[in-house]
Amino acid sequence: MSEIKPVVAILGGTGGLGTGLARRWAEAGYQIIIGSRSQDKAEEAAADLRTLMQARGAGQVQVLAMDNVAAAKAADIAALTVPFAHHASTLLSVKEALQGKILIDVTVPLVPPKVARVQLPAEGSAGQIAQNLLGEGVNVVSAFQNVAAVHLQDGQGLECDVLVCGDNKEARAAVIELVEAAGLRGFHAGSIANAAAVEAMTSLLIFINKQYKCHAGIKLTGLDR
């Protein structure tokens with residue numbers, strides 16, 4: 001008997017990072033819900049995903065479109081892929097719907113226009129803000145901040161690692177399963193407090209990408225795996 005996979009909602013999932021994760025998880029056989037503040041935008045992104053998966057020969061994919069609150073209610077695990085400017089307001093709108101669940105926070109606290117300069121919030125990280133706002137009833141896990149959306153979109157293998165931070169080890173393990181389903185390597189990286197280091201690294205990568213005209217990520221060395 002095949003293992004039943006969790007239903008994954010991507011809140012604010014119509015942008016490059018959200019649709020990239022949706023493509024990877026849909027191809028791995030997960031039921032995906034694309035959430036948005038706008039039902040129309042969610043429907044459009046879901047239709048695009050179905051068309052792309054058909055073109056890639058992935059067959060029938062399970063993808064639904066809902067507003068963010070409905071998506072959070074229907075999901076087993078949710079991923080938040082909104083800009084930092086909409087981070088707190090989106091979290092507050094779905095707070096009740098996420099109780100008892102895992103939230104993967106992909107947000108990076110970038111402060112335009114100087115996005116290549118580390119500018120962390122007073123709380124330490126977007127992940128910590130999410131945990132503070134949602135409370136102990138939600139297991140917030142910070143991940144995917146150092147992966148370029150263009151790599152998630154292209155459907156190819158990735159030479160990139162994902163550092164996974166969260167206060168609950170079992171929740172981190174569940175997210176690492178999703179990291180690996182997306183074709184990357186995932187690693188336990190400690191408590192949600194450590195998300196500050198991972199989020200800060202994104203600004204460094206933005207600088208490197210501009211300097212060397214690339215889409216760099218991170219890769220851990222010295223590991224036997």
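Here, each number is a calculation from the coordinates, and none is a lab measurement. Since the model is a prediction, treat every value here as computed from it, not as a measurement. Neighbour counts run over all protein chains shown; Cβ positions are idealised from the backbone, glycine included.
The modelled label-to-label distance for the pair Leu220/Asn168, using points 7 Å beyond Cα in the direction of Cβ, is 2.2 nm.
If both residues of a DSSP beta bridge must be in region 52-179, then about 20% of such bridges are antiparallel. Selection among Ile208, Pro109, Thr51 by position relative to the dipole of the chain gives Ile208 as farthest towards the positive end (Cβ unit charges, Cα centre).
Neighbours of Leu11 by Cβ distance under 13 Å: Lys/Arg scored +1, Asp/Glu scored -1, total +3. Dipole check for region 6-210: with +1 at the C-beta of Lys and Arg, -1 at the C-beta of Asp and Glu, and the Cα centre as origin, the magnitude is about 300 Debye. Quick one: of Lys5/Lys73; Lys73/Lys219; Lys5/Lys219; Lys41/Lys213, which pairs are farther than 24 Å apart, Cα to Cα? Distance filter (> 24 Å) returns Lys73/Lys219; Lys5/Lys219; Lys41/Lys213.
What order do you get for 127-139, 11-23 when each peptide is scored by the mean count of other beta carbon atoms within 10 Å, highest first?
Details: 127-139: 20.1, 11-23: 24.2.
In decreasing order of mean packing, 127-139, 11-23 become 11-23, 127-139.
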